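Take a look at the structure set out below.
Every number here is computed from the coordinates shown, using simple stated rules; none is lab data. Note that the structure is predicted; figures quoted are calculated from it, not measured. A quick note on method: Cβ atoms are made from the backbone with ideal geometry, for glycine too, and the neighbour counts reach across all protein chains shown.
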Amino acid sequence: METILTFEKAIEIANSKGKAPHLLTGNGFSIACRPNIFQYGKLFEQADFTRLSPSAQLVFGVLGTTDFERVIRALRDAAKLVRLYSKDVDIQTRMESDADGLKELLVNTIAKSHPERPSDIQDEEYAACQKFLSNFDKIYTLNYDLLLYWTLMHTEEGTAPSSDDGFRKSKEDFDAGYVVWEPENTFDQNIHYLHGALHIFDAGSEIQKYTWINTGVRLIEQIRNALSREFYPLFVAEGTSKEKIQRIKHSDFLSKAYRSFQQIGGSIFIYGHSLAENDEHFLRVIEKGKIGKVFIGIFGDPDSDSAKAVIKRGKRLESNRKKGDLTVYFYDSASAKVWGN
């Protein structure tokens, strides 16, 4: 049976050389805070499929899943197969259209069901999460929601956040209700949204981050207003790992985050991520990169099928490192007490 460390012991091992580890979070980071909102099953229940074809919703039942990204991937793959076996362009177009529609629906559903305001998260939860995050140097997240951002911004009045996501006041429009990201602002950046986020928008000429402090309007309300005008955030929810990396490489903001992830060494903790196939682009970076130790969070019973799949893929990270200088450890996710529970 695989050894499962406590989070405390894992941190002790990671800090043995005096350099703080990095962190990569997946959707489990948000689920641990509000499982009634961020689990895929809950998102599926809350989604309004009326603007999509009837088939788009039925695909979930056929595949036996409520995972939006899995269905998007299946539809895109099926469209490619139909193109190979049939000349029926209409079916191909419908599948591709439904895949695009489901991506937009996922964004809308997260925004619709998202906690309304930062105060919906208790101070004790923020304190626990900040304690957890304080263990790490650079933070990389695959999450789309606002929980990480809210946590980082939850400081005492008059105290500036210690984190830096690279966004600054616009030089062209200093009074704008948003801040902008530019490559020259990234020297001290230690927060990276690898797949975008609800509050980050690609405005064409610049990457904008919506803020409350510059407008006085609740962030989630700004996002919902933007979505109602069919203005969508920078949001990578393509089906396959290959499609995701293509999307990343077409965005300066996302590709900069990807390159940063490629360059890190030392140790990294993975929390709330199942090492799923559709995020292989980041797992391969770990295999080929300079990281020496990987600590992978295991949720629940380590003998469950889902945990065994994570452990199996985690061990493969180690065996795929040709130089043999990568060690993989596993720790109990619950022992990290990310939100104090």
How many nm separate the modelled label positions at residue 262 and residue 162, each set 7 Å beyond the Cα in the direction of the Cβ?
3.1
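Let me check against my output: what whole-number percent is the relative contact order of the chain, with C-alpha pairs under 8 Å and at least 6 apart? Walk me through the numbers on the way to the answer.
Values: 528 pairs, mean separation 78.8, N = 341.
In percent, rounded to a whole number, it is 23.
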Hand me the tally of lysine pairs in region 40-113: alpha carbons under 21 angstrom apart, and the pair either on different chains or 8 or more positions apart.
4
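For the chain, give the magnitude of the charge dipole about the Cα centre (Cβ charges: +1 Lys/Arg, -1 Asp/Glu; no others), in debye to the nearest 20.
Values: 44 positive and 48 negative charges, 263 e Å.
Here the size comes out at about 1260 debye.
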Where a Cα-Cα gap under 29 Å defines reach, which lysines qualify for residue 171, not counting those fewer than 8 residues away within the same chain?
138, 209, 249, 256
Nearest 20 debye, what's the magnitude of the dipole of region 64-159 about its Cα centre given +1 on Lys and Arg Cβ and -1 on Asp and Glu Cβ?
680
Taking the Cβ of each residue in 3, 151, 109 as the centre, tally the other Cβ atoms inside 10 Å and list the residues starting with the fewest.
3, 109, 151
Which value in nm describes the separation of the simple spin-label points at residue 89 and residue 46, placed 7 Å from the Cα toward the beta carbon?
4.0
With unit charges on the beta carbon (Lys/Arg positive, Asp/Glu negative), name the residue among 56, 109, 43 whose Cα is farthest towards the positive pole of the charge dipole of the chain.
56
If I model a spin label as a point 7 Å beyond the Cα along the Cα-Cβ vector, how far apart are those points for residue 77 and residue 122 in nm?
4.2
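Taking the beta-carbon count within 10 Å as an exposure proxy, list 232, 178, 85, 193 from fewest neighbours to most.
Values: 232 17, 178 21, 85 8, 193 27.
With the fewest neighbours first, 232, 178, 85, 193 line up as 85, 232, 178, 193.
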Neighbour-count ranking [beta-carbon atoms within 10 angstrom, fewest first] of 192, 199, 281:
281, 192, 199
Suppose a student asked you for the relative contact order of region 40-113, using Cα pairs under 8 Å spaced at least 6 residues apart; what percent would you report?
41
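Rounded, prolate or oblate: pick one for region 40-113, where a ≥ b ≥ c are the square roots of the eigenvalues of its C-alpha gyration tensor, a/c under 1.5 means rounded, and failing that, prolate if a/b is larger than b/c, else oblate. List each step's numbers first, then the result.
Details: a/c = 2.44, a/b = 1.95, b/c = 1.25.
Prolate.
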Whole angstrom only: what separates the Cα centroid of region 206-264 from the Cα centroid of region 326-341?
27
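How big is the dipole moment of region 23-71 about its Cα centre under a simple scheme where the beta carbon of each Lys and Arg is +1, that of each Asp and Glu is -1, and everything else is neutral? Debye, nearest 20, please.
On the way: 4 positive and 4 negative charges, 13 e Å.
Computed charge dipole of region 23-71: roughly 60 debye.
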